[in-house]
Amino acid sequence: MTEGDVALTPLPQADGRTKPRPAILLRQTPPFGDWLICGVSTQLHQEVVGFDDIIEPSHPDFQRSGLKAASVIRLGFLTVLPSDQFLGALGSISRARHAKLLQRLSVFLATERSA
């Protein structure tokens, strides 16, 4: 597995159960090499405009992503998982899309919020 891969992994659902879902591998974290990932959903209405990212069949990297339908890459749905939690790779997103996701996340984290 490598950064930018789309992997299948058990993720928590609203009802508390886990279900195999696609996720984007954002960055491997020290010291154990666990992965910071974000969930992917076909529920496009969940998009936070300017934060999340929509990937559609018309995009150049859609086919190699392994996704089956237009999806929202949800930067607000983050978790850290060890490598052995992944069920397999579906595909990958482009380096440019991966860099855009990391940039959006880092700007969000670095921006001071008022209480």
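The values are calculated or read from the model by the stated rules, or taken from the named source; none is laboratory data. Worth saying up front: this structure is predicted, and the values here are computed from it rather than measured. We place every Cβ from the backbone using ideal geometry, glycine too, and count neighbours over all the protein chains shown.
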Inset, instruction - Of all residues in segment 47-58, count the ones that are surrounded by 13 or more Cβ atoms within 10 Å (Cβ to Cβ) and farther than 19 Å from L102 by Cα. - result: 0
Inset, instruction - Collect the residues in segment 84-97 that are surrounded by 15 or more Cβ atoms within 10 Å (Cβ to Cβ) and assigned to a loop (DSSP other than H, G, I, E, B), keeping them in residue-number order. - result: F86, I93, S94
Legend entry - G33 being of a type outside the set (S, T, Y), under 16 Å from M1 (Cα atoms) and surrounded by 16 or more Cβ atoms within 10 Å (Cβ to Cβ): no
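Matching residues to (1) within 17 Å of L25 (Cβ to Cβ); (2) touching a Lys or Arg at 6+ places or on another chain (Cβ under 7 Å):
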position: C38; (1), (2): yes, yes
position: T42; (1), (2): no, no
position: V49; (1), (2): no, no
position: R64; (1), (2): yes, no
position: F77; (1), (2): yes, no
position: S83; (1), (2): yes, no
position: L101; (1), (2): yes, no
Legend entry - Residue check, I24 of a type in the set (A, V, I, L, M, F, W, C) and surrounded by 18 or more Cβ atoms within 10 Å (Cβ to Cβ): yes
Inset, instruction - Among the numbered conditions (1) assigned to a helix (DSSP H, G or I); (2) without any contact (Cβ under 8 Å) to a residue 24 or more places away in the chain, tell me where A14 comes up short. - result: (1)
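Yes/no per residue for (1) within 13 Å of A23 (Cα to Cα); (2) among the acidic types (D, E); (3) free of Cβ contacts under 8 Å to residues at least 60 places away in the same chain; (4) not in a helix (DSSP H, G or I):
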| site | (1), (2), (3), (4) |
| --- | --- |
| H59 | no, no, yes, yes |
| R64 | no, no, yes, no |
| L75 | yes, no, yes, yes |
| T79 | yes, no, no, yes |
| A99 | no, no, yes, no |
| Q103 | no, no, yes, no |
| V107 | no, no, yes, no |
| R113 | no, no, yes, yes |
Legend entry - Qualifying positions in segment 59-92 - touching a Gly at 6+ places or on another chain (Cβ under 8 Å) and charged (D, E, K, R): R64, R74
Legend entry - Near pairs, Cβ below 7 angstrom, 6+ apart or cross-chain, from segment 34-55 (touching a residue at least 60 places away in the same chain (Cβ under 8 Å) and assigned to a strand (DSSP E or B)) to any residue that is of a type outside the set (S, T, Y) and surrounded by 17 or more Cβ atoms within 10 Å (Cβ to Cβ): C38/A23; C38/I24; C38/L26; C38/I73; C38/R74; C38/L75; C38/F77
Inset, instruction - Name every residue in segment 1-37 that is modelled with pLDDT of 90 or more and of a type in the set (D, E), in order of residue number. - result: E3, D5, D34
Legend entry - Which listed residue is under 22 Å from S106 (Cβ atoms), out of contact with any Cys (no Cβ under 6 Å at 6 or more places or on another chain), among the aliphatic types (A, V, I, L, M) and surrounded by 13 or more Cβ atoms within 10 Å (Cβ to Cβ), from L81, L67, L44: L81
